[in-house]
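Contents: one structure, followed by commentary.
Just so you know, all these numbers are worked out from the coordinates, no wet-lab data involved. What you see is a predicted model; the values in this text were computed from it and never measured. Here the Cβ is made from the backbone with ideal geometry for all residues, glycine too, and neighbour counts use every protein chain on show.
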Amino acid sequence: MASQYTKFTPILSSWHTVLLTAAIGLFLGVVLSFVQPLEYSSTARILITQELGTVDAYTASLSVERISEDLADIVYTTSFYEKVVQAPYDIDSTYFELQENKRREQWDDMISASVSRSSGLLTVRVYHEDVDQAQEIVNSVAYVLINEGWTYTSGSNIKVQLVDEALNSRWPVRPNIPVNAFSGLVLGIIAGVGYVLIQVERVKKRHQLVHR
């Protein structure tokens, strides 16, 4: 027990160094968060169902899940993006990059789609600096999925319906300032502890050289 305590003695005696690096890490985590544009989110949920007649429930569930996952992948494509922008919603198309490769990256980063297992429930989330634009885009995504989703899947007799209308975040959700601040704090502590241990090893080596 005493030997374990001895191992931590240098760190405890240099607590001010660890505290300083932790504070620096915390500060940098917060600062870097504000360097990025603050983005709001708007979330809608869409239910995909399929009429398969006498097929057993398990097979039907797997089929719906596969179709939902296909649609979740489709929303990231250029073809889908173009339909979203052309839909009857007030979307500011000038916000998007002109170069296709940059626009693809922007769209991929802006939208998120996930499927709840075995339920056919597709959650779509859009991030934007303007919360109203986030809502317009997520509504447009839902519109395209409901009206043209069937064209993107090999499944037949599918029905796509909006079950939860767009829900906007009250505050910016990206970047996640508390998470970034905590990460900076932890990294600062690790850096401080590492620095102290390196200094201790240097002192030991010096003493060994002197006493040879």
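Only counting other Cβ atoms within 10 Å, I'd like Leu98, Leu47 sorted with the fewest neighbours first.
Placing the least packed residue first, the sequence is Leu98, Leu47.
log10 I(q)/I(0), Debye, Cα-only segment 40-186, no solvent, q = 0.13 Å⁻¹?
-0.62
How large is ³J(HN,Hα), in whole Hz, for each residue of segment 87-93 in order, when computed from phi with the Karplus curve 6.51 cos²θ - 1.76 cosθ + 1.60 and θ = phi - 60°, using x for Gly and Pro?
5, x, 9, 7, 9, 7, 5
Please identify every one of the chymotrypsin sites (Phe, Trp or Tyr not before Pro) in segment 137-181 that sits in a loop by DSSP and has no more than 11 other beta carbons within 10 Å of its own beta carbon.
none
Residue separation times 0.36 nm, minus the C-alpha to C-alpha distance between Ser13 and Leu62: what's the value?
Length difference between fully extended and current span is 11.7 nm.
Report the local net charge at Glu148: Lys and Arg +1, Asp and Glu -1, summed over other residues whose C-beta lies under 12 Å from its C-beta.
0
Just in segment 93-175: which trypsin sites (Lys or Arg not before Pro) are loop by DSSP and have at most 16 other Cβ atoms within 10 Å?
Loop-located and lightly packed - Arg117, Arg170.
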